[in-house]
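The structure under discussion appears below in the form of structure tokens.
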Amino acid sequence: VESMRLAINKSHNTSTAHVLMDYVGIQNAVTYLLKLGVNPNHILGNGSGLALGSSGLSVIELATGFGAIANRGVYQEPYAFTQILNPDGTVYIDVREVQETWQAFKPSTAFMLVDVLRGCVSPEGTGQLANFGELTVAGKTGTNTNNIGVTFAGMTGYYSGAVWVGSDNYKPLTDDATGGSYAAPLWAEIMSRVH
């Protein structure tokens, strides 16, 4: 029997599916995705959709969800800007004043998730190529069925982000394409520039 930490770090999906079905439950998992701001139409509420990543979450939903985990479990409605200024330089809209926020996870749960996800980018994890600089990174790789796309979603102490690599018409990538080999290094390159 392997630990859940090892199963997540190595992307052993059979173990995570077992935990979903026997301990967490489908409805509980769906409830947490909704708390993370995921559109209900993007959730495939079954074992494949929840444990194996067959749901159709968008890249922004992934980035926002990982941001909530990094933010001590507090969801923040995503915006592409922080302020809009009037021509005279005064603030017209400050996102912090209109942004919806709520507690999606207990802070202790979020802390444990971050700790587990740090292992995914360790030398033994599938996302080790997401590391850059001296910052602490945590995140998770993903590979779509038949290699039609690969993802990496993650966080630092400052920002969260997600990338998806694939074809717009869902043509398969190469047989060796994984989230760790394609998406994680792209994420690291983008995030290193952002930081």
Rounded to a whole number, what % of the accessible area of segment 95-195 do carbon and sulfur atoms account for, probe 1.4 Å? 53
Name the aspartates and glutamates eligible as straight-distance cross-link partners of Lys106: C-alpha to C-alpha under 19 Å, and not fewer than 8 places from it in the same chain. Glu77, Asp115
Using C-alpha positions alone, give me the convex hull volume of segment 43-93 per residue in cubic angstrom. 102
Reachable lysines from Lys140, criterion Cα separation under 16 angstrom, eight or more residues apart if same chain: Lys10
Quick one: which residues, 5+ away or cross-chain, put their amide H under 5 Å from the amide H of Asn71? H built at 1.01 Å from N. none
Scattering profile of segment 99-156 at q = 0.13, 0.15 Å⁻¹ [log10 I(q)/I(0), Debye over alpha-carbon scatterers]: -0.42, -0.54
Sorted largest first, extent of segment 64-176 alpha carbons per principal axis (Å): 54, 38, 28
I'd like the per residue volume of the convex hull spanned by the Cα atoms of segment 151-195, given in cubic angstrom. 65
So if I restrict to the alpha-carbon atoms in segment 1-66, what is the Rg, and what is Dmax, the biggest pairwise distance, in Å? 11.9, 35
Structure-derived Rg/Rh (Cα atoms, Kirkwood Rh) - corresponding label in (i) 1.25; (ii) 1.04; (iii) 0.98: (iii)
Each residue of segment 167-174 in turn: what ³J(HN,Hα) in whole Hz from Karplus with 6.51, -1.76, 1.60 and θ = phi - 60°, glycine and Pro shown as x? 8, 4, 9, 6, 6, x, 7, 5
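The values are calculated or read from the model by the stated rules, or taken from the named source; none is laboratory data. Here the structure is a predicted model, which is why all the values come from computation and not from measurement. Areas reflect the complete protein model, heavy atoms only, side chains present, ligands, DNA and RNA absent. Shrake-Rupley method; radii C 1.70, N 1.55, O 1.52, S 1.80 Å.
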